[in-house]
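The values are calculated or read from the model by the stated rules, or taken from the named source; none is laboratory data. All of these numbers come straight from a predicted model, not from anything done at the bench. Here the Cβ positions follow ideal geometry from the backbone for every residue, glycine too, while neighbour counts run over all protein chains shown. The protein model used for the area step is the full one, side chains on, heavy atoms only, and it has no ligands, DNA or RNA in it. Shrake-Rupley method; radii C 1.70, N 1.55, O 1.52, S 1.80 Å.
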Amino acid sequence: VTRPRILTGDTPTGRLHIGHWVGSLENRVRLQDSYDCYFLLANVHAFTTRAEQPGDIRRDTIEIARDWLAAGIDPERSTLVVQSEIPAIAELTWFFAMLIPYTRVMRNPTLKAELAAKDLGDHYSFGFPLYTVGQCADILAFRAQLVPVGDDQSAHIEMCREVARRFDHVYCGVPPTTLDDDYEKAGGIFPIPKALLGRVARLPGIDGVQKMSKSLDNAIFLSDTTEQILARMKRLHTGRQAMTDPGDPNNALFQYARAFMADQERVSELADRYARGDNIGDASIKAEVAAAIDALVAPMRERRASYTEARIVEILREHARRANTVAEETLAMAKEAMHLDFGRRTLA
Ligand code: TRP
């Protein structure tokens, strides 16, 4: 029996934090048994904004792989995919780029938000908007049905669904009225993939306001020590003064409590007292939440220590072979459908 496939991934820009965990990583870890999982290190995409820093990109690629393995991605069950090792992805990107209008790509809200946030004006590389089409190829090269991602990636998955429908329609004769779930049955090569969003769409950082992000220096990392977690929790900004001030039971502190504490009855009780200013300080709640986060991260710390860089590189090499078996098969199917049936290659 073949299990349905998952493809998802991260652009290597730095270490992963607890926002990544609730946003998507925990879903990935959980679904390893029920799906055939492919986890992509989007190192080619990293070059769209950091072409001059190839050494940093290599280091970050290995760091993300290490974070994944530490978090419980099991290399015996799941396949780690280094994007630059999969030629079919680059080729499919070209073919898909011809099936979507340029203006549609430029309307992608996530792309627009990134251009604004990075203050790139009109100085971005040609490859920058192209990465969104590349992301369609990442997913479709593995004919994935499910894409566990954070909420910020929804716009990309929607674009991918449009590209998949269009390819199946133009080259496989699937009628455009076909239900999304029936595209393969109707003769399409590509299933229409679905996004799976995490249980917390947006976890604030310890500044209490902005989304948790490495670049904003407001993150608690999966690789933090017990002391670092506690220190960062102490810095968490709530704006509250005295133990008798009524506090906001939906502030960042309580969002963490809801996201990470095992005993949710205890959280409700704390929130209730907090809202009333019932002689309850931020410090004691922070200590409880820090302990809960530490309990999540502690087993990761142990697994992390067992992976050397040499072992990680070895895993990436072995897994590239597995990944290429699937991606090459997809490419051959796509080329045949496109009447590009001039040869069949094998990757040694
Ligand atoms: N754009 C995603 C991010 O920056 C990374 C990514 C690349 C991805 N290709 C993907 C995610 C395919 C899901 C599926 O987080």
| task | For ALA186, indicate whether it is within 14 Å of the ligand (Cβ to nearest atom) and either surrounded by 15 or more Cβ atoms within 10 Å (Cβ to Cβ) or aromatic (Phe, Trp, Tyr) (or both). | result | no
| request: Restricting attention to helices (runs of 4 or more DSSP H) lying wholly within region 74-124, give those where 3 or more residues are modelled with pLDDT under 95. | output: 109-117
| said: If a residue must be assigned to a helix (DSSP H, G or I) and within 10 Å of the ligand (Cβ to nearest atom), how many such residues does region 142-171 contain? | reply: 5
| query | Looking only at residues in region 204-231 that are touching a residue at least 40 places away in the same chain (Cβ under 8 Å) and in a helix (DSSP H, G or I), which one is surrounded by the fewest Cβ atoms within 10 Å (Cβ to Cβ)? | reply | SER215
| note | Residue set ILE89, ILE139; condition touching a Gly at 6+ places or on another chain (Cβ under 8 Å), surrounded by 20 or more Cβ atoms within 10 Å (Cβ to Cβ) and under 30 Å from VAL170 (Cβ atoms); output residue ILE89
| query | Hey, any hits in region 326-333 for a residue that's in contact (Cβ under 8 Å) with a residue 60 or more places away in the chain, under 26 Å from SER223 (Cβ atoms) and touching a Phe, Trp or Tyr at 6+ places or on another chain (Cβ under 6 Å)? | reply | no
| Which residue pairs have Cβ atoms closer than 6 Å, lie 6 or more positions apart in sequence or on different chains, and pair a first residue in region 35-57 that is within 29 Å of LEU196 (Cβ to Cβ) with a second residue that is within 11 Å of the ligand (Cβ to nearest atom) and open to solvent by 50 Å² or more (accessible area, probe 1.4 Å)? | ALA42/THR11; HIS45/THR11; ALA46/THR11
| query | Counting only residues that are open to solvent by 40 Å² or more (accessible area, probe 1.4 Å), within 11 Å of the ligand (Cβ to nearest atom) and not in a helix (DSSP H, G or I), which one in region 1-56 is farthest from PRO148 (Cα to Cα)? | reply | THR13
| query | Counting only residues that are exposed (fewer than 12 other Cβ atoms within 10 Å of the Cβ) and at pLDDT below 95, which one in region 307-348 is farthest from ARG165 (Cα to Cα)? | reply | ALA348
